[in-house]
1. So what is the diffusion coefficient of the chain in µm² per second by Stokes-Einstein at 4 °C and 1.567 mPa s, using a Kirkwood Rh over Cα pairs?
2. Multiply the residue separation of residue 58 and residue 86 by 0.36 nm, subtract the distance between their alpha-carbon atoms, and state the gained length in nm to one decimal.
3. Using DSSP to define loop residues, name the trypsin sites (Lys or Arg not before Pro) in region 6-98 whose beta-carbon has at most 13 other beta-carbon atoms within 10 Å.
4. Helix 85-97 versus the longest principal axis of the chain: what angle, 0 to 90°, nearest 10, using Cα atoms?
5. Can you give me the accessible area per residue for region 2-96, using a 1.4 Å probe, in Å²?
6. Counting alpha carbon pairs within less than 8 Å and at least 6 residues apart, what relative contact order, in whole percent, applies to region 30-92?
Amino acid sequence: VFHGRILARRVVGQETRYEVEVKAPYRHRFPLVSREYLWVPNTCGCPPLREGGEYLLMARRHVNHEHTLNRILLQDGGYARPWTPREARLVREAARHC
């Protein structure tokens, strides 16, 4: 779970790749760097993430069986909400209890 700002969007094959500036990690099982690529397994723009927008994102690390692919994946129907100070406060509070 992290707060990120969308820098760019690009369709790559049957997927969408977003370049994201990581503003604040809240809860993570893998390290994040200041800029990451976030992959969505479709090209429809679902969830609708706009360039320049800031979002609260819940994604997972996806590593294939051959360990040749290691990326951050936002699944279909994944959690992506516009970032607000209220959302950030709620997530911080929840992360303390999990």
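1. On the way: Rh = 13.8 Å.
Translational D for this selection: 94 µm²/s.
2. On the way: separation 28, 0.36 × 28 = 10.08 nm, distance 1.63 nm.
8.4 nm is the gain from fully extending residue 58 to residue 86.
3. Values: sites: 9, 10, 17, 23, 27, 29, 35, 50, 60, 61, 71, 86, 89, 92, 96; in loops: 27, 29, 50.
Qualifying residues, ordered by number: 27, 29, 50.
4. Roughly 90 degrees between the two axes.
5. Details: 5970 Å² over 95 residues.
That works out to 63 Å² per residue.
6. On the way: 73 pairs, mean separation 23.4, N = 63.
Computed value for region 30-92: 37 percent relative contact order.
The values are calculated or read from the model by the stated rules, or taken from the named source; none is laboratory data. Since we're looking at a predicted model, the values are computed, not measured. Methodologically, a virtual Cβ is constructed for each residue, glycine included, from the backbone with ideal geometry; neighbour enumeration extends over all protein chains shown. To get the accessible areas, we keep the full protein, side chains included, count just its heavy atoms, and leave off ligands, DNA and RNA. Shrake-Rupley method; radii C 1.70, N 1.55, O 1.52, S 1.80 Å.
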